[in-house]
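Participant: One structure, pasted below without further comment.
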Amino acid sequence: MIDALIIILVLIAILFAIKSSIRHFKGEGPCCGGPSVAPRPKEAKRLDGPIIGEKSLEISGMKCSNCASKVEKALNSIPGVSCQVDIKKNAAKICYDRNIDEDEIRRAISDAGYELLSLR
């Protein structure tokens, strides 16, 4: 009797773990220590001067909206750069009002814990 009860409890725990894993990999669950609720969209960073260029970035490692917010914050911290991240495409679009060194972009993404795959 006790053995059957233990087996039932273990099966219930496994079902909850599988359900949580599925939500996590769909990007619906909490990831990276953040809440399970997506952060509210915020206003895009305003640049001081006129936009002189745009680049598209492909970024590896983003799994949820918290990851996207972290990357967006890192890129927006670069003076002269305004960023928008698309988590579904694992991509970001940056606009800039001055010349920006690619190494600075790569370093900001790396410091946030992600990898820049391509910069176009």
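The values are calculated or read from the model by the stated rules, or taken from the named source; none is laboratory data. Treat the numbers as computed from the prediction; the structure is a model and nothing was measured. Backbone-built Cβ (ideal geometry, glycine too); neighbour counts: all protein chains shown. Accessible surface areas use protein heavy atoms only, side chains included; no ligands, DNA or RNA. Shrake-Rupley method; radii C 1.70, N 1.55, O 1.52, S 1.80 Å.
Participant: Those residues that are within 23 Å of R46 (Cβ to Cβ) and either assigned to a loop (DSSP other than H, G, I, E, B) or of a type in the set (K, R) (or both), I need them from region 61-97; list them, please.
Facilitator: K70, K73, S77, I78, P79, G80, K93, D97
Participant: In addition: Would you be able to say whether some residue in region 95-110 is touching a Ser or Thr at 6+ places or on another chain (Cβ under 6 Å) and open to solvent by less than 30 Å² (accessible area, probe 1.4 Å)?
Facilitator: Scanning region 95-110 turns up at least one residue that is touching a Ser or Thr at 6+ places or on another chain (Cβ under 6 Å) and open to solvent by less than 30 Å² (accessible area, probe 1.4 Å).
Participant: State all residues of region 84-120 that are without any contact (Cβ under 8 Å) to a residue 40 or more places away in the chain and among the charged types (D, E, K, R); if no residue qualifies, say none.
Facilitator: The answer is D86, K88, K89, K93, D101, E102, D103, E104, R106, R107, D111.
Participant: Same structure, new question: Return yes when I51 is open to solvent by 60 Å² or more (accessible area, probe 1.4 Å), part of a loop (DSSP other than H, G, I, E, B) and at pLDDT 85 or above and no when it is not.
Facilitator: So I51 passes the test.
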